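The structure appears right after this line, and notes come after that.
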Amino acid sequence: MTTSRSRPSYDPAVTVLEHCRSLVRMDTTNYGDDSGPGERKAAEYVAERLSDAGLEPQLIEGYPGRANVVARWDGREPDAEPLLLHGHLDVVPAQADDWSVPPFAAEIVDDYLYGRGTVDMKDFDAMVLSVLEARQQAGWLPRRPIVLAFTADEEAGSRRGAHWMVDNHPDLFADCTEAVGEVGGFSTDVAGRRLYLIESGEKGMTWIRLIARGHAGHGSMRHPDNAIARLAEAVAAIGTYEWPAQPGPSMRQLLEKVRELADSPDADPDKLIAELGPAARMVGAGVRNTTNPTMLRAGYKVNVVPGEAQAWIDGRFLPGERDDFVEWLRERAGPDVEVDIELEDVALEGTFAGDLADAMVASLVAEDPDAHVAPYLMSGGTDAKAWHRLGIPSYGFTPLRLPPDLDFTALFHGVDERVPVDALAFGARIMDRLLDRA
Ligand SMILES: [Zn+2]
């Protein structure tokens, strides 16, 4: 059934700033060990807004204080396949001393809203709430049914959030055919033009512990069997390796677009990615595996050779590369260093084509006629990995039109995380358009 009624007039962005500020002021810091405040307060705030707007949200908690919210929103075409909109409610810690403003005060300075979560990802949560309220008030449903999910624990691997929900309440999402969430939809400057990057895939991760063992003893004697020296060789062999660029389908689409915008004859992926300016550091990790040593542990006194030394590697691999990647790590570590996989998660990549991709592009262009759009493979992981277990492909699309000189990707988990106030309204208007087109 399709209604022929046309879209009434309303402002989908009217409450986006207020909701973003309210959510930032609710400290939902996730330290990764349940010692933080949890997401309950923010979840209650969201659930209340959803109820007030006429939905029937469920507040679901698998662990005390680690609350998730799920609600269904009817579509004008009730038989259409539901779209999942998902935003996490937790944030990473913020060291207040490093910031120029208090990180949970939601202060506005020079037309930027500052605060932990303003880009990751209470901005998206606020856009969804604002669009929902405006549309419900105007009596204008989305085209297709929407499942709204606000999750806990994304910043620590979603074990108390999206993954837990998929394990325990898969029925809430089972009929969704696609999902839209974070880390995409923002603009970056390429040769003076605005290129919006939409996440169409995510690298996989393997967090590795290296363990070297040797002969313990007095630091003054000969020790050819030294665990620290052995470990250091392995860490250097892994950490200094320069991974070659191997762009997959999404990144090839992006590189083609950059070539066109920059009018560049170059085919070298890294030279093209450099055209993205500050975003190149993140985007450049989307064309290659990475292996960064991040922690070391060994020894307790300068004149004692310890019997064991450990190091940790944050490994991220491209889709399809997992087995070769782990094999490579073992080879590089050498026969005498144990390689222990402590945590891993899959790599994903969807094709950036079809109705939803078209709807995202059209919604962007409708608000920013100068918009150019390309997909990209994201270097980190999100709740998309959990929905993937239900066969739901997810796109990163939190639309933000940004000033060309802003080093936006550095703001994720960064000091002075902030979002232009007008970009929040821009994002809400695009999300609103998406709900009619998707
Ligand atoms: Zn995030």
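The values are calculated or read from the model by the stated rules, or taken from the named source; none is laboratory data. None of these values were measured; they are calculated from a predicted model. Neighbour counts run over all protein chains shown; Cβ positions are idealised from the backbone, glycine included. Heavy atoms of the whole protein, side chains included, go into the accessibility calculation; ligands, DNA and RNA do not. Shrake-Rupley method; radii C 1.70, N 1.55, O 1.52, S 1.80 Å.
For the range 185-205, the condition of being at pLDDT 95 or above, under 21 Å from W312 (Cα atoms), surrounded by fewer than 24 Cβ atoms within 10 Å (Cβ to Cβ) and more than 16 Å from the ligand (Cβ to nearest atom) holds for at least one residue. For the range 285-320, taking the residues that are among the small types (G, A, S) and open to solvent by less than 10 Å² (accessible area, probe 1.4 Å), the one that is nearest to F186 (Cα to Cα) is identified as G286.
Which of the following residues is closer than 28 Å to L406 by Cβ and open to solvent by 60 Å² or more (accessible area, probe 1.4 Å): E275, E344, E367? After applying the criteria, what remains is E275.
Which residue is farthest from the ligand (Cβ to nearest atom), if the candidates are limited to the range 367-389 and must be under 12 Å from the mean Cα position of the chain (by Cα) and among the charged types (D, E, K, R)? Quick ask: steps written out before the conclusion?
Of the residues in the range 367-389, the ones under 12 Å from the mean Cα position of the chain (by Cα) are 377-385.
Then drop every residue that is not among the charged types (D, E, K, R), which leaves 383, 385.
Details: D383: 8, K385: 12 Å.
Out of the qualifying residues, it is K385.
Specify which of the listed residues (D340, D323, D336) is farther than 30 Å from V258 by Cα and touching a helix residue (DSSP H, G or I) at 6+ places or on another chain (Cβ under 7 Å). Criteria check complete, one pass: D336.
Among the conditions (1) in contact with a Leu (Cβ under 7 Å, 6 or more places away or on another chain); (2) open to solvent by 10 Å² or more (accessible area, probe 1.4 Å); (3) outside any strand (DSSP E or B), the only one that W387 does not satisfy is (2). Tell me, please, whether a residue that is over 23 Å from G381 (Cβ atoms) and either modelled with pLDDT under 95 or open to solvent by 10 Å² or more (accessible area, probe 1.4 Å) (or both) can be found in the range 145-166. Within the range 145-166, one or more residues are over 23 Å from G381 (Cβ atoms) and either modelled with pLDDT under 95 or open to solvent by 10 Å² or more (accessible area, probe 1.4 Å) (or both).
Checking the conditions here, which among L390, L406 is aliphatic (A, V, I, L, M) and at pLDDT 95 or above? Only one candidate qualifies: L390. Residue count for the range 58-68 under the criterion of being part of a loop (DSSP other than H, G, I, E, B) and either in contact (Cβ under 8 Å) with a residue 60 or more places away in the chain or open to solvent by less than 10 Å² (accessible area, probe 1.4 Å) (or both): the result is 3.
Please determine whether any residue of the range 34-46 is in a loop (DSSP other than H, G, I, E, B) and aromatic (F, W, Y). Quick ask: steps written out before the conclusion?
First, the residues of the range 34-46 that are in a loop (DSSP other than H, G, I, E, B): 34-39.
Imposing the further condition that a residue be aromatic (F, W, Y) reduces the set to none.
No, every residue in the range 34-46 fails to be in a loop (DSSP other than H, G, I, E, B) and aromatic (F, W, Y).
Determine whether A71 is part of a loop (DSSP other than H, G, I, E, B) and out of contact with any Cys (no Cβ under 6 Å at 6 or more places or on another chain). No: the conditions fail for A71.
What about D34, is it at positive phi and either open to solvent by 70 Å² or more (accessible area, probe 1.4 Å) or of a type in the set (D, E, K, R) (or both)?
Values: at positive phi: yes; either open to solvent by 70 Å² or more (accessible area, probe 1.4 Å) or of a type in the set (D, E, K, R) (or both): yes.
Judged against the criteria, D34 is a match.
For the range 60-74, a residue qualifies if it is closer than 14 Å to W164 by Cβ and of a type outside the set (S, T, N, Q), and the qualifying residues are I60, E61, G62, Y63, P64, G65, R66, A67, V69, V70.
Can you name every residue in the range 85-108 that is in contact (Cβ under 8 Å) with a residue 24 or more places away in the chain and more than 16 Å from the ligand (Cβ to nearest atom)? Walk me through how you get there before you give the answer.
Here is the first cut: in the range 85-108, the ones in contact (Cβ under 8 Å) with a residue 24 or more places away in the chain are 85-95, 98-101, 103-106, 108.
Within the range 85-108, Q95, D98, W99, S100, V101, F104, A105, A106, I108 qualify.
Take P78 and tell me if it is open to solvent by 10 Å² or more (accessible area, probe 1.4 Å) and under 24 Å from R40 (Cβ atoms).
Numbers: open to solvent by 10 Å² or more (accessible area, probe 1.4 Å): yes; under 24 Å from R40 (Cβ atoms): no.
No: the conditions fail for P78.
Search the range 390-428 for residues being open to solvent by 50 Å² or more (accessible area, probe 1.4 Å), over 25 Å from K257 (Cα atoms) and not acidic (D, E), and hand back the single one that is nearest to the ligand (Cβ to nearest atom).
H413
When L356 is tested against (1) assigned to a helix (DSSP H, G or I); (2) modelled with pLDDT under 95, only condition (2) is not met.
From D436, D432, grab the single residue that is surrounded by fewer than 24 Cβ atoms within 10 Å (Cβ to Cβ) and on the phi < 0 side of the Ramachandran plot.
Values: D432 fails: surrounded by fewer than 24 Cβ atoms within 10 Å (Cβ to Cβ).
The match here is D436.
Among A245, A229, A262, which is the only one that is modelled with pLDDT of 95 or more and farther than 23 Å from E308 by Cα?
Details: A229 fails: farther than 23 Å from E308 by Cα; A262 fails: modelled with pLDDT of 95 or more.
Checking each option against the conditions leaves just A245.
Checked against (1) open to solvent by 40 Å² or more (accessible area, probe 1.4 Å); (2) in contact with a helix residue (DSSP H, G or I) (Cβ under 6 Å, 6 or more places away or on another chain); (3) under 23 Å from S250 (Cα atoms), A353 passes all but a single condition, namely (2). On inspection, I211 does not qualify as of a type in the set (A, V, I, L, M, F, W, C) and within 30 Å of the chain's Cα centre (by Cα).
Considering the range 109-149 alone, what residues qualify as being over 28 Å from L406 (Cα atoms) and within 16 Å of the ligand (Cβ to nearest atom)? Reasoning before the result, please.
We begin by selecting, within the range 109-149, every residue over 28 Å from L406 (Cα atoms); these are 132-149.
Selection gives A149 alone.
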